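Beneath this line is the structure, given in structure tokens, with notes to follow.
The values are calculated or read from the model by the stated rules, or taken from the named source; none is laboratory data. Everything numeric here is computed off the predicted structure, so don't read it as measured data. Cβ: placed from backbone, ideal geometry, glycine included. Neighbour counts: every protein chain shown. Just so you know, the surface numbers come from the protein's heavy atoms only, side chains and all, with ligands and any DNA or RNA stripped out. Shrake-Rupley method; radii C 1.70, N 1.55, O 1.52, S 1.80 Å.
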Amino acid sequence: MDRSFCTAEKVWTNVKLATMDPEVKAVYGLLDRHAIGVLDGRITLLKPMGSFNIDEVAAEVIDAGGMCMTPGLIDSHTHLIYGGQRTAEFSRRQEGASYAEIACEGGGILSTVRATRALSEAELVEQARPRLEALLAEGVTTVEVKSGYGLTVKDELKMLRAVRTLATDFPVRLRSTLLAAHALPPEYSGRTDAYIELICNELIPQVAQLGLAEAVDVFCEPIAFSLTQCERVFTAAQAAGLGIKAHVEQLSNSQGAALAAQYAAWSVDHLEYLDEAGIAALKDSGTVATLLPGAFYFLGETRQPPVDALRQAQVPLAVASDLNPGSSPLASLRLMMNMAAVLFGLTPEEALQGTTCHAAVALGLGEEVGMLKVGMAADMLLWEIDDPAQLTCEFGVNRLQQRIFAGKVQDA
Ligand code: DI6
Ligand code: FE
């Protein structure tokens, strides 16, 4: 085909576009009766129906018959790669043991560390496959995946390599995050600062040099790492040119969000114990506040993140699955959107922003994905729904008609 006459190789006509573009002044950035076209994996055409001659764009035309299109969904916080399961721990929790008690006995994260260390890279990929498939089936096109269950140079690199391998096998954008500061490995017991040194002096430079991660994350909690230790990790991440993300204020108020905001973090995640000073630090910082309702729900937490105050301060909110074997073994971003609304009070529009445009910013991808806009990657979902609110309201019914990744229609 002579591309010089094309503005798009494929055009969807009669679409209701939930662009999620803040420049479109309507709820969901909604544009009714539009056409959207793609070329070479990007959105190249976005016009009202009737405003152009479809024959002149010389493209394959798909009549969407008034169906709704959204950007591909983005799960901006997962621990998708891990070995084994923690079902025995779940049974114990149902009999009354707490998450913290189990962790203190050497279970919890450390039991997954043992299982993860025992597996090869290929075995880790195999175990992660069905979880990733579940996310993709409901319309996820970008997934962030953290390390953090290896906790040695060799095993953290193995986890990050597994992410890169998985990325070549599936139509999805995977972004990797080094979370070596997740738990203190037993061999460093009583020597936390030495472990932080290993992270800062060996792991971060190697990961950056090998191009194995885009960002670095920390677990800032009394049961994990202190504010000072997290700051050392942030400094090393910044020096290596990596993005910064942080698990903060999940189980206590450690002022981790304010510190991360000072380091221009892409996101701060969990936030149930975030206080006014933390909110003030996030205001105008550009850092996204990520809500993880799955962990709140699965651990039976009762303390709510301060959603209203974050909203007042106009801090962008993301919503993610935190998919992991211990605190959120829930491979559904749609369920998280529903929970973010029901448990945390988000509007359906906020829930969808949280899994599209704001989630993109939480991954340093705000210019690339998360909106239907000319120039953005053509990750798009065609739904048999009238109102985008249905994506948050309803759960368990998949009304996805087409999943389009980098401009290519995937088998539904
Ligand atoms: N916060 C969490 O919710 C997960 N990690 C973290 O830092 C829990 C991970 C696990 O229990 O395996
Ligand atoms: Fe997490």
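From the list 308, 275, 284, 269, which residue is touching a strand residue (DSSP E or B) at 6+ places or on another chain (Cβ under 9 Å) and of a type in the set (Asp, Glu)? Step through it out loud before you land on a result.
Working: 308 fails: touching a strand residue (DSSP E or B) at 6+ places or on another chain (Cβ under 9 Å); 275 fails: touching a strand residue (DSSP E or B) at 6+ places or on another chain (Cβ under 9 Å); 284 fails: touching a strand residue (DSSP E or B) at 6+ places or on another chain (Cβ under 9 Å).
Going through 308, 275, 284, 269 in turn, the sole match is 269.
Within the range 344-393, the set of residues being outside any loop (DSSP other than H, G, I, E, B), open to solvent by less than 10 Å² (accessible area, probe 1.4 Å) and in contact with a Cys (Cβ under 8 Å, 6 or more places away or on another chain) comprises 382, 383.
Looking for whichever is in contact with a Pro (Cβ under 8 Å, 6 or more places away or on another chain) and either over 14 Å from residue 147 (Cα atoms) or open to solvent by 10 Å² or more (accessible area, probe 1.4 Å) (or both) here; the options are 195, 188. Which one fits? I'd like the intermediate steps shown before the answer.
Values: 188 fails: in contact with a Pro (Cβ under 8 Å, 6 or more places away or on another chain).
None of the other options fit; the residue is 195.
Does residue 82 meet the test of being in contact with a Phe, Trp or Tyr (Cβ under 6 Å, 6 or more places away or on another chain) and within 16 Å of ligand 2 (Cβ to nearest atom)? Judged against the criteria, residue 82 is a match.
Would you call residue 222 in contact with a strand residue (DSSP E or B) (Cβ under 8 Å, 6 or more places away or on another chain), away from ligand 2 (no atom under 16 Å from the Cβ) and open to solvent by 10 Å² or more (accessible area, probe 1.4 Å)? Let's see the steps before the verdict.
Values: in contact with a strand residue (DSSP E or B) (Cβ under 8 Å, 6 or more places away or on another chain): no; away from ligand 2 (no atom under 16 Å from the Cβ): yes; open to solvent by 10 Å² or more (accessible area, probe 1.4 Å): yes.
Criteria not met by residue 222.
Residues in the range 290-308 that are within 18 Å of residue 100 (Cα to Cα) and away from ligand 1 (no atom under 12 Å from the Cβ): 300, 302, 303.
Any chance the range 287-303 includes a residue that's buried (at least 24 other Cβ atoms within 10 Å of the Cβ), part of a strand (DSSP E or B), out of contact with any Ser or Thr (no Cβ under 8 Å at 6 or more places or on another chain) and assigned by TED's automatic domain parsing to the domain that holds residue 103?
Start the filter on the range 287-303 by keeping residues that are buried (at least 24 other Cβ atoms within 10 Å of the Cβ), which leaves 287-296.
Add one more test, that the residue is part of a strand (DSSP E or B), and what stays is 288-291.
Narrowing the set further to residues that are out of contact with any Ser or Thr (no Cβ under 8 Å at 6 or more places or on another chain) leaves 291.
Pick out the ones that are also assigned by TED's automatic domain parsing to the domain that holds residue 103 and you get 291.
For the range 287-303, residues buried (at least 24 other Cβ atoms within 10 Å of the Cβ), part of a strand (DSSP E or B), out of contact with any Ser or Thr (no Cβ under 8 Å at 6 or more places or on another chain) and assigned by TED's automatic domain parsing to the domain that holds residue 103: present.
Just checking, which of 289, 331 is within 16 Å of ligand 2 (Cβ to nearest atom), closer than 27 Å to residue 371 by Cβ, among the small types (Gly, Ala, Ser) and touching a residue at least 60 places away in the same chain (Cβ under 8 Å)? The unique qualifying residue is 331.
Residue by residue, here is whether (1) over 19 Å from the mean Cα position of the chain (by Cα); (2) surrounded by fewer than 20 Cβ atoms within 10 Å (Cβ to Cβ); (3) under 22 Å from residue 327 (Cα atoms); (4) in contact (Cβ under 8 Å) with a residue 24 or more places away in the chain holds:
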position: 123; (1), (2), (3), (4): yes, yes, no, yes
position: 132; (1), (2), (3), (4): no, no, yes, yes
position: 148; (1), (2), (3), (4): no, no, yes, yes
position: 156; (1), (2), (3), (4): yes, no, yes, yes
position: 167; (1), (2), (3), (4): no, yes, no, no
position: 182; (1), (2), (3), (4): no, no, yes, yes
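If you check residue 78 against the conditions, is it in contact with an Asp or Glu (Cβ under 9 Å, 6 or more places away or on another chain) and either more than 16 Å from ligand 1 (Cβ to nearest atom) or within 24 Å of residue 139 (Cβ to Cβ) (or both)? So residue 78 fits the description; yes.
Just wondering, is there one or more residues in the range 356-377 that are of a type in the set (S, T, N, Q), within 16 Å of ligand 2 (Cβ to nearest atom) and either in contact with a Lys or Arg (Cβ under 7 Å, 6 or more places away or on another chain) or at negative phi (or both)? No: the range 356-377 contains no residue that is of a type in the set (S, T, N, Q), within 16 Å of ligand 2 (Cβ to nearest atom) and either in contact with a Lys or Arg (Cβ under 7 Å, 6 or more places away or on another chain) or at negative phi (or both). The criterion of at least 2 residues that are modelled with pLDDT of 95 or more and either more than 30 Å from residue 376 (Cα to Cα) or more than 15 Å from ligand 2 (Cβ to nearest atom) (or both) is met, among helices (runs of 4 or more DSSP H) falling completely within the range 97-193, by 109-117, 121-137, 153-169.
Could you grab me the full set of residues in the range 230-267 that are surrounded by fewer than 21 Cβ atoms within 10 Å (Cβ to Cβ) and of a type in the set (D, E, K, R)? Of everything in the range 230-267, those that are surrounded by fewer than 21 Cβ atoms within 10 Å (Cβ to Cβ) and of a type in the set (D, E, K, R) turn out to be 231, 232.
Could you tell me which residue of the range 394-405 is farthest from residue 72 (Cα to Cα), considering only residues that are of a type in the set (D, E, K, R) and open to solvent by 30 Å² or more (accessible area, probe 1.4 Å)?
394
All conditions in (1) of a type outside the set (A, V, I, L, M); (2) at pLDDT 95 or above; (3) in the same structural domain as residue 382 (by TED's automatic domain parsing) hold for residue 50, with the sole exception of (2). Based on this model, can you work out whether residue 110 counts as assigned by TED's automatic domain parsing to the domain that holds residue 332, farther than 23 Å from residue 234 by Cβ and either in contact with a Ser or Thr (Cβ under 9 Å, 6 or more places away or on another chain) or surrounded by 15 or more Cβ atoms within 10 Å (Cβ to Cβ) (or both)? For residue 110, the condition - assigned by TED's automatic domain parsing to the domain that holds residue 332, farther than 23 Å from residue 234 by Cβ and either in contact with a Ser or Thr (Cβ under 9 Å, 6 or more places away or on another chain) or surrounded by 15 or more Cβ atoms within 10 Å (Cβ to Cβ) (or both) - is met. Filtering the range 309-329 to residues that are open to solvent by less than 30 Å² (accessible area, probe 1.4 Å) and within 16 Å of ligand 1 (Cβ to nearest atom) leaves 318, 319, 320, 321, 322, 323, 324, 325, 326, 327, 328.
The residues in the range 209-219 that are within 23 Å of residue 190 (Cα to Cα) and open to solvent by 10 Å² or more (accessible area, probe 1.4 Å) can be counted, and the count is 1.
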